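K.L.:
To start, I am sharing the structure in question, which I have written as C-alpha cells.
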Amino acid sequence: MNIGQAADQSGVSAKMIRYYEQIGLISPPSRTDSNYRVYGAEEVHVLRFIKRARTLGFSVEETSVLLGLWQDRSRASAEVREIASTHIGALETKIAELQGMVKTLRHLVHCCAGDNRPDCPILDDLAGTPAEQTSKGH
C-alpha cells in the first residue's frame, strides 16, 4: 500500500509517517521503481502502536523505547512497567498543574465584573499587577 493508504489504516497522517521515518522512529519502507514508499501490514501495525503510545501522551523518545521493547521478544516487562509508571507520575503532575490553572482562572473570572469598565483583574494578573494596587487606583 502507499503512504496515504497506510495513513488511513493506521490513523497516523502521511506527514507524521514521513517525520517518524526522518527521525528514525520507524525504518524506511521499501520503495517502488518510481521511488514511492510501499507499506505492508507489519508497518501499519507499528504505526498503530506509535499512534496509541502518542495518544497516551508518551513522548517520541519514550515511544521509541517502548517500540524497541515491544519488538524485543526477550524483553523484561519490568522495564515497560517502569516507563509506564514514570509516565503516570508525569501525567499526575501535569494534571495537578492544570487543576491549579483552572482554580486560578476561576477565581479571576469570579473577580472580574465583566462590565463596560476597563478594570479587569484577569488582565491585571497576567500583567503581574498585584490586586491591591489596582483597587487603590495605581
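K.L.:
Run down 52, 106, 75 and say which single residue is free of Cβ contacts under 8 Å to residues at least 12 places away in the same chain and touching a helix residue (DSSP H, G or I) at 6+ places or on another chain (Cβ under 6 Å). Before the answer, list the steps.
P.N.:
Details: 52 fails: touching a helix residue (DSSP H, G or I) at 6+ places or on another chain (Cβ under 6 Å); 106 fails: touching a helix residue (DSSP H, G or I) at 6+ places or on another chain (Cβ under 6 Å).
Exactly one of 52, 106, 75 is free of Cβ contacts under 8 Å to residues at least 12 places away in the same chain and touching a helix residue (DSSP H, G or I) at 6+ places or on another chain (Cβ under 6 Å), namely 75.
K.L.:
Which residue pairs have Cβ atoms under 9 Å apart, sit 6 or more places apart or on different chains, and have a first residue in segment 87-102 that is surrounded by 10 or more Cβ atoms within 10 Å (Cβ to Cβ) and a second that is at pLDDT 95 or above and part of a helix (DSSP H, G or I)?
P.N.:
Once the first residue is surrounded by 10 or more Cβ atoms within 10 Å (Cβ to Cβ) and sits in segment 87-102, its partners that are at pLDDT 95 or above and part of a helix (DSSP H, G or I) give 87/62.
K.L.:
Limited to segment 53-84, what total is found for residues that are in a helix (DSSP H, G or I) and over 16 Å from residue 26 (Cβ atoms)?
P.N.:
9
K.L.:
How many residues does segment 41-65 hold that are of a type in the set (A, V, I, L, M), within 15 Å of residue 23 (Cβ to Cβ) and more than 11 Å from the chain's Cα centre (by Cα)?
P.N.:
Within segment 41-65, residues that are of a type in the set (A, V, I, L, M), within 15 Å of residue 23 (Cβ to Cβ) and more than 11 Å from the chain's Cα centre (by Cα) number 4.
K.L.:
To continue, here is another question. Do we find that residue 37 is more than 26 Å from the chain's Cα centre (by Cα), of a type in the set (Lys, Arg) and exposed (fewer than 11 other Cβ atoms within 10 Å of the Cβ) in this structure?
P.N.:
Against the criterion (more than 26 Å from the chain's Cα centre (by Cα), of a type in the set (Lys, Arg) and exposed (fewer than 11 other Cβ atoms within 10 Å of the Cβ)), residue 37 does not qualify.
K.L.:
Let me ask you something else. Within segment 6-47, restricting attention to residues that are in a helix (DSSP H, G or I) and among the polar types (S, T, N, Q), which residue is farthest from residue 65 (Cα to Cα)? Before the answer, list the steps.
P.N.:
Looking only at segment 6-47, we keep the residues that are in a helix (DSSP H, G or I), and these are 6-10, 14-22, 41-47.
So of that shortlist, the ones also among the polar types (S, T, N, Q) come out as 9-10, 22.
Numbers: 9: 23, 10: 20, 22: 17 Å.
Ranking the qualifying residues of segment 6-47, first place goes to 9.
K.L.:
Could you tell me which numbered condition residue 117 fails, if it satisfies all but one of (1) assigned to a loop (DSSP other than H, G, I, E, B); (2) assigned by TED's automatic domain parsing to the domain that holds residue 5?
P.N.:
Condition not satisfied by residue 117: (2).
K.L.:
Does residue 23 satisfy being farther than 17 Å from residue 83 by Cα, of a type in the set (Val, Ile, Thr) and surrounded by fewer than 18 Cβ atoms within 10 Å (Cβ to Cβ)?
P.N.:
yes
K.L.:
Given the options 88, 122, 26, 95, name the one that is closer than 30 Å to residue 14 by Cβ and not acidic (Asp, Glu).
P.N.:
Selected residue: 26, the only one of 88, 122, 26, 95 that is closer than 30 Å to residue 14 by Cβ and not acidic (Asp, Glu).
The values are calculated or read from the model by the stated rules, or taken from the named source; none is laboratory data. Since the model is a prediction, treat every value here as computed from it, not as a measurement. Positions of Cβ are generated from backbone atoms using ideal geometry, with glycine treated the same way; all protein chains shown enter the neighbour counts.
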